[in-house]
Amino acid sequence: MDRNKRIISAAIVFAVAVAIVAVYAYYSYAVVHQDMRASGAGSLNEYFNTSAIRIVYGENTLQGNAYIAASPQQQYQGYMNSTSIGNCSGKGNCIGMLFVFQNQSEECFWMKNTIIPLRQLWIDQNGIVEYAYNASPYSTKTVCAQGEYVLETQLDIPIGAYVFLQANGTK
């Protein structure tokens with residue numbers, strides 16, 4: 001009988017632990033989405049700032065604008081559920097979305113709930129594209145690489161390209 005009580009007690013402890021983890025996961029998800037609703041984020045233009053961007057590779061120079069995903073909430077949201085790259089708040093020639101991290105580190109991306117195909121470019125602290133991946137809509141495959149920035153775009157920008165934010169004249 002003692003053994004049965006221990007098994008039941010262990011099962012109860014396990015069930016409570018699973019419930020706590022589930023509540024925490026739900027709360028974390030809800031907080032991110034509540035922050036977005038509170039900010040009035042009905043579109044990319046309302047939720048993300050933009051910056052002028054210039055990309056140089058070979059004889060090519062692309063100039064345009066990019067949404068800037070700097071906060072954890074913006075980085076979580078990214079292009080999720082968007083049906084297009086967007087218009088960068090009406091500034092024209094929207095190149096994509098630039099994810100800005102605190103320092104050079106391994107950054108991982110996936111496409112769950114992302115409707116549009118994207119080319120993901122990992123960019124080092126000097127503004128050089130070091131790794132590129134063509135991501136498919138709705139893919140749950142996680143792709144990781146080193147970078148201080150990641151640019152999501154639909155343009156065929158190659159490894160080795162230089163990316164500059166024109167707002168301050170640097171990467």
TODO: Name the long-range amide H neighbours of ILE115: under 5 Å, sequence gap of 5 or more, or other chain; modelled H, no Pro or chain starts.
DONE: ASN81, SER82
Task: Note, ³J(HN,Hα) from phi for segment 118-130, Karplus 6.51, -1.76, 1.60, rounded to Hz, x at Gly and Pro - done: 9, 9, 9, 10, 8, 10, 7, 5, 8, x, 9, 5, 9
Task: Karplus 3J(HN,Hα) series, Hz, for segment 50-63 with 6.51 cos²θ - 1.76 cosθ + 1.60 (x for Gly, Pro) - done: 10, 9, 5, 9, 10, 10, 10, 8, x, 8, 9, 9, 9, 10
- [ ] Please work out the C-alpha center-to-center distance from segment 45-67 to segment 85-150 and express it in whole Å.
- [x] 13
Open item on the list: Please list 3J(HN,Hα) in residue order for segment 85-92, calculated via the Karplus relation 6.51 cos²θ - 1.76 cosθ + 1.60 where θ = phi - 60°; whole Hz, with x for glycine and proline.
Closed with: 5, x, 10, 6, 6, x, 7, x
Task: Value in Å of the Kirkwood radius, where segment 44-165 supplies the Cα pairs that are averaged - done: 14.1
Task: segment 57-128: GluC sites (Glu not before Pro) in DSSP coil with no more than 12 other Cβ atoms inside 10 Å - done: GLU59
TODO: Would you grab the residues whose amide H sits under 5 Å from the one on ASN49? Only those 5+ places off in sequence or on another chain, please, with H modelled 1.01 Å from N.
DONE: ILE68
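Where a number appears in this text, it was derived from the coordinates with a stated rule and is not lab data. Being a predicted model, the structure only gives us computed values, none of them experimental. In this analysis, Cβ positions are derived from the backbone assuming ideal geometry, glycine residues included, and neighbour counts consider all displayed protein chains.
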